[in-house]
Amino acid sequence: MKKIRPAPLSSLVVALFLLSSSLYYLVVQPGYIPLVPFWEGGLLVCLVLITASALALRREEADGKAVVWPFGRLLPLAADLAYSLVVFLLIYSARVRPGLEIELLDLSAVFTYKIVLPFLVFLASFLAIKDSINLLYGYSTRGREVLVFSMVRLSAVFTLLLLGGIISVILFRGIGAISWEFLTSPHYRLGTEGGISTCIQGTFWLVMGAMLISAPLGIGAAIYLNEYSKHSGLKRVVTIAVGCLNGVPSVVYGLFGLAFLVATFGLSLLAGSIILGLMNLPTIILTSQEALKSVPNSLREGSVALGATRWQTIKKVVIPSAMPGVLTGLIIGVARAAGETAPIMWTAVTFSATPVHMFYGVVPDVTQPVNNLCYHLLNLIYFLGAWDVEEKAWGTALVLLALVLSINMVAILVRNHYRKKVVW
Amino acid sequence: MAMVLIFYFLTFESFLAFREVGIFDMLLGQKWHPAGDIFGMAPIIVGSVLITLVALFINILVGVPLAIYLSELAGPWSRELLKPSIELLAGVPSIVYGFLGVLVLVVYLEGSFDMLTGRSILAGAILLGIMFIPALTTICEDALRAVPKEFKEGSLALGATHWQTVRNVTLPAASSGIIAAVILNVGRIIGETMAALLVVGNVARLPSPVFDVFDRGAIFTSVIAGEMGEVAHGSMHYHALFAVGFVLLVIVTVINISADLVRAAIQKRFGGY
């Protein structure tokens with residue numbers, strides 16, 4: 001165990017304080033920053049400690065003799081120190097003070113004190129942390145590893161914060177709007193009052209329609225590709241087409257629907273279902289194919305050896321074993337269809353408050369347009385400045401998010417459940 | 001079949017606009033001014049390039065380290081927590097991102113940069129960059145995991161630290177997957193509609209200076225989604241929007257195919273995973 005060097009360690013602690021506090025002010029951005037004197041002091045302390053420990057390390061390494069550090073080590077250190085010094089002087093000489101405004105290169109933004117100062121300090125503290133860790137480990141590879149891996153860990157924390165932030169913001173702002181009435185009554189007065197029942201109905205039928213179209217087609221195509229097709233030419237073409245289809249932007253599906261389907265069926269539930277179904281097709285084909293591929297050949301051969309025909313084998317052996325994978329793909333398809341706006345904007349939805357018309361109470365009238373959660377939310381966003389719809393918008397966003405995330409959650413659970421259970 | 005249909009209809013509908021305006025005038029024209037029947041896509045293309053570059057920067061900055069964390073550092077406990085969270089994050093509908101963008105991000109940017117309006121290319125880029133972190137991470141992690149254990153063990157046995165191993169062995173070996181993931185994400189960013197539509201400001205005008213990300217801008221998808229609702233069916237504007245969609249489709253398809261080719265090429269050359 002090497003002895004711990006106190007100077008870089010303490011400069012590391014000071015720099016961490018600088019980093020976290022400047023990051024806080026960078027995010028919150030109050031007009032007045034009470035910590036400025038501490039930042040000045042902190043920068044100065046870091047500066048002195050890092051210089052001192054660099055000199056100490058150099059003496060230590062040299063065993064009393066004067067050696068010149070390699071350029072690649074000296075230059076960054078000197079640059080970092082110079083930068084910190086400049087920042088310190090800028091703050092100390094009140095160049096960076098409240099009221100400062102910088103306009104750069106005709107950009108449409110003004111960089112003011114409240115963002116410039118925390119940013120300068122943030123950068124300085126980051127550099128100080130880098131140097132402190134390097135000095136602490138005597139510029140060994142271990143120090144580099146500690147530095148990089150702590151940054152990598154930060155990215156994980158950031159992601160968790162992001163997810164938590166998104167969910168909690170929507171939950172807290174939206175929960176106030178949720179009531180039984182909100183969920184079961186249609187909206188009126190341009191969405192400022194009432195609820196979202198028609199949107200929920202519309203979303204439900206659109207998703208049902210989409211799945212009715214994409215599930216049989218998708219699974220059928222996957223079975224064909226994986227079990228039947230021998231012509232590698234056709235298979236290649238279909239595979240490439242599926243890949244391309246998978247990448248087509250959702251708005252292009254909308255355009256396609258507008259040019260092709262709306263001309264034929266009009267603005268209707270049917271047109272929207274076909275478009276959403278088409279959009280889901282590649283996902284379902286790819287996941288089903290993946291699931292079918294993972295069924296070992298020995299199972300198929302066993303079945304065939306018992307005298308089963310090919311179709312019997314597929315029906316009784318292959319499909320049941322591939323079911324969890326296929327199911328996961330379908331559930332993800334449901335979630336995607338429920339969360340898409342662009343493909344149906346011009347093909348299937350209106351901002352209507354009339355419930356979906358039903359024949360005999362069970363079959364929806366597919367020639368009529370419906371309302372939809374995403375489209376409703378989009379309209380409310382457009383109304384935001386003009387009418388008081390913010391609360392309803394948060395409520396709608398919460399319902400939509402909860403719906404889509406819970407469907408996705410089910411997909412993840414199904415997959416994990418079978419992944420643990422099924423052992424070939 | 002569906003692919004052919006999509007291409008056919010887009011070409012068909014956009015043909016008129018291309019013929020009327022001329023392909024070069026349309027692609028390189030400096031002004032997008034539907035009321036005057038002037039349809040030049042240069043502002044849209046510049047906007048898309050800016051937004052993609054900035055979004056990709058954010059995307060890679062968080063996405064790749066996250067993938068490294070998941071495949072190399074995470075213990076079983078944090079993996080169990082992070083993996084589903086990332087998958088859930090990928091499932092958040094884009095309109096919800098757009099909604100948050102309007103009410104949180106745009107307001108925030110407006111305050112911090114004293115902008116006329118927070119709706120800007122930067123807002124769109126931040127939103128899209130964050131939105132596609134899960135997509136990048138998932139593919140990168142798969143690529144990193146596919147690197148054989150022997151490679152890493154060999155490196156560690158030679159005395160390299162864990163980080164040296166990751167940097168010099170694992171990352172290069174997985175580079176084909178990572179680069180393909182990045183290219184795929186370019187396609188996703190260019191093709192994303194709702195979130196971008198709501199925060200980029202939808203002003204199809206060349207920013208000045210050209211790299212002014214704080215200005216309002218427009219990208220392919222936002223122009224289509226923003227203007228298609230109001231145009232008369234069959235008008236010149238209508239066809240011009242289809243032309244924008246056609247260009248978008250061509251770009252995205254080329255990107256997706258090139259992602260595949262790049263992966264294949266790098267694998268062939270360096271034997272990656």
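Any read-out appearing in this document is the output of simple, stated calculations on the displayed coordinates, not a laboratory observation. All values derive from a computational prediction rather than experimental measurement. As a convention, Cβ positions derive from the backbone with ideal geometry for all residues, glycine included, and neighbour counts pool all protein chains shown.
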- Note on the structure: Per GNM of chain B with C-alpha springs under 10 angstrom, the most fluctuating residue out of B:ASP25, B:ASP114, B:ASP37 is B:ASP114
- Rounded to a whole number, the mean other protein chain Cβ count within 10 angstrom for residues of B:97-106 is 4
- Item | Proxy reagent accessibility, fewest Cβ within 10 Å first, across A:LYS230, B:LYS152, B:LYS31 | A:LYS230, B:LYS31, B:LYS152
- Task: Any of A:LYS315/B:LYS83; A:LYS235/B:LYS152; A:LYS235/A:LYS316 with alpha carbons more than 26 Å apart? Name them for me.
- Result: A:LYS315/B:LYS83; A:LYS235/B:LYS152
- With R₀ set to 45 angstrom, the calculated FRET efficiency between the beta-carbons of A:ALA402 and B:LYS268, to the nearest 0.05, is 0.45
- Message: Are there DSSP H segments in chain A that both extend 24 Å or more along their axis (alpha-carbon positions) and score a mean Kyte-Doolittle hydropathy of at least 0.0? List them, or say none.
- Response: A:6-28, A:36-62, A:71-92, A:113-136, A:141-174, A:197-223, A:269-293, A:319-339, A:390-421
- Based on the mean of other beta carbon atoms within 10 Å per residue, what is the order of B:155-163, B:54-62, A:131-139, most packed first? A:131-139, B:54-62, B:155-163
- Task: Name the residue, out of B:VAL169, B:VAL49, B:VAL102, whose mean-square fluctuation peaks in a Gaussian network model built on chain B with Cα pairs under 10 Å.
- Result: B:VAL169
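Given a Förster radius of 41 Å and the C-beta distance between A:VAL27 and A:LYS235 as r, what FRET efficiency does 1/(1 + (r/R0)^6) yield to the nearest 0.05? Don't jump to the answer; show the numbers that get you there.
Working: r = 52 Å, r/R0 = 1.27.
Approximately 0.20, to the nearest 0.05.
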- Peptide A:156-167, shielding by other chains (average Cβ, 10 Å cutoff): 6
- Counting other C-beta atoms within 10 Å, which of A:GLU40, B:GLU227, A:GLU60 has the fewest, and how do the rest follow? A:GLU60, A:GLU40, B:GLU227
- Task: First measure r as the distance between the Cβ atoms of B:HIS233 and B:ASP260, then evaluate 1/(1 + (r/R0)^6) with R0 = 41 Å and state the FRET efficiency to the nearest 0.05.
- Result: 0.65
- Query: When chain A is treated as a GNM, springs tying every alpha-carbon pair under 10 Å, which of A:VAL28, A:VAL148, A:VAL207 comes out with the largest mean-square fluctuation?
  - Reply: A:VAL28
- Query: Which value at 222 nm does chain A reach when only helices count, each DSSP H run of 4 or more adding -39,500 (n - 2.57), with the total divided by all residues and rounded to the nearest 500 deg cm²/dmol?
  - Reply: -23500 deg cm²/dmol
- Query: What is the spin-label model distance, in nm, from A:ARG310 to A:PHE172 if the labels are put 7 Å beyond Cα along the C-beta direction?
  - Reply: 6.0
- Using a basic spin-label model with each label point 7 Å from the Cα along Cα→Cβ, how many nm lie between A:LEU162 and A:GLU290? 2.0
- So, by mean Cβ neighbours within 10 angstrom, what's the order for A:211-220, A:179-188, A:340-349 with the highest one leading? A:340-349, A:211-220, A:179-188
- Query: Hey, what's the Kirkwood Rh for the protein assembly as shown if you take every pair of different alpha carbons, in angstrom?
  - Reply: 28.0
- Per-residue Cβ contact counts at 10 Å, fewest first, order A:ILE407, A:ILE332, A:ILE275, B:ILE23 as B:ILE23, A:ILE407, A:ILE332, A:ILE275
- Item | Percent of beta bridges antiparallel (DSSP, the protein assembly as shown, rounded to nearest 5) | 80
- Task: Would you calculate the separation in nanometres between label points at A:TRP69 and A:LEU183, each defined as 7 Å from the Cα along the Cα-to-beta-carbon direction?
- Result: 6.3
- Task: Do me a favour and compute the ellipsoid semi-axes for segment A:159-201 from its Cα gyration tensor, root of five times each eigenvalue, largest one first, whole Å.
- Result: 27, 10, 9
